[in-house]
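Trainee: Take a look at this one; I'll ask things after.
The values are calculated or read from the model by the stated rules, or taken from the named source; none is laboratory data. Model, not experiment: these values are computed from the prediction. Heads up, the Cβs are rebuilt from the backbone with ideal geometry, glycines too, and the neighbour counts pull from every protein chain shown. SASA here: full protein model, heavy atoms, side chains in, ligands and nucleic acids out. Shrake-Rupley method; radii C 1.70, N 1.55, O 1.52, S 1.80 Å.
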Amino acid sequence: MSGTVILAVVLAVIVVIGAAALIKRAGDRNTGGDLRRRFGPEYDRVAARHGDRAAAEQELAERVREHDALQLRPLTADDRERYTRQWTGVEERFVEDPRGAAAQADQVIGGLLTAIGYPPADRDKQLELASVDHARALEDYRQAHDLTRRALGTANGAGTAAASPAPV
């Protein structure tokens, strides 16, 4: 064989191996390390809840599939203004009525998620699906929610649904 033929064969093999690696990587997009990077602390929380990394990855991959099927939409200018006013009201109310402000904050967040297209029927599911795009913000929300419940003496679920934030 000539040197040109050997070079062509070697280059073809390299191209085929490179293409196979790219295809495998694309197929593994929602597994392992990619899910861990995408979900951050939510990955760890789900893994701890399942006690099994594979089950956690299956749940998170399912969240991604369900999220991708949603028809999310941006807020209109009027909606943005309305939610901004509502959030300002939550902040103003907090000093005088922290329990009521926390419950109101949950209502505003739930309404906002519904307005952009997350399913309204199940709040936990709504938050799970929002974690696909906003995992780190959800972690902040969970921490603030937990701190609020502990500070108000509702960490064990005591209190009425109207007066305490929804569980997450």
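Trainee: Give the residues of region 30-76 that are among the small types (G, A, S) and out of contact with any helix residue (DSSP H, G or I) (no Cβ under 6 Å at 6 or more places or on another chain), sorted by residue number.
Mentor: Start the filter on region 30-76 by keeping residues that are among the small types (G, A, S), which leaves 32-33, 40, 47-48, 51, 54-56, 61, 69.
Passing the criteria: G32, G33, A48, G51, A54, A55, A61, A69.
Trainee: So is A12 over 14 Å from the mean Cα position of the chain (by Cα), over 17 Å from E139 (Cα atoms) and modelled with pLDDT of 90 or more or not?
Mentor: Values: over 14 Å from the mean Cα position of the chain (by Cα): yes; over 17 Å from E139 (Cα atoms): yes; modelled with pLDDT of 90 or more: no.
No, not satisfied.
Trainee: Considering only region 60-78, state which residues are open to solvent by less than 40 Å² (accessible area, probe 1.4 Å) and assigned to a helix (DSSP H, G or I). Spell out the reasoning first.
Mentor: Within region 60-78, the subset open to solvent by less than 40 Å² (accessible area, probe 1.4 Å) is 60-61, 63-64, 67, 75.
Of everything in region 60-78, those that are open to solvent by less than 40 Å² (accessible area, probe 1.4 Å) and assigned to a helix (DSSP H, G or I) turn out to be L60, A61, R63, V64, H67.
Trainee: Going residue by residue through region 81-88, is there one that turns out to be open to solvent by less than 70 Å² (accessible area, probe 1.4 Å), part of a helix (DSSP H, G or I), charged (D, E, K, R) and at pLDDT 85 or above?
Mentor: Our first condition is that a residue be open to solvent by less than 70 Å² (accessible area, probe 1.4 Å); within region 81-88, this holds for 83, 86, 88.
Still in the running and part of a helix (DSSP H, G or I): 83, 86, 88.
Then drop every residue that is not charged (D, E, K, R), which leaves none.
The answer is no, given that none of the residues of region 81-88 is open to solvent by less than 70 Å² (accessible area, probe 1.4 Å), part of a helix (DSSP H, G or I), charged (D, E, K, R) and at pLDDT 85 or above.
Trainee: Could I ask something else about it? If the Cβ limit is 6 Å and pairs must be 6+ apart or interchain, which residue in region 98-111 that is touching a residue at least 60 places away in the same chain (Cβ under 8 Å) pairs with which residue that is surrounded by 15 or more Cβ atoms within 10 Å (Cβ to Cβ)?
Mentor: Taking only residues 6 or more apart or on different chains, the pairs are R99/L152; A102/T148; A102/P165; A103/P165; A105/V90; D106/P165; D106/A166.
Trainee: Tally the residues that are under 20 Å from T76 (Cα atoms) and either assigned to a loop (DSSP other than H, G, I, E, B) or open to solvent by 50 Å² or more (accessible area, probe 1.4 Å) (or both), restricting the search to region 90-113.
Mentor: Final tally of qualifying residues: 2.
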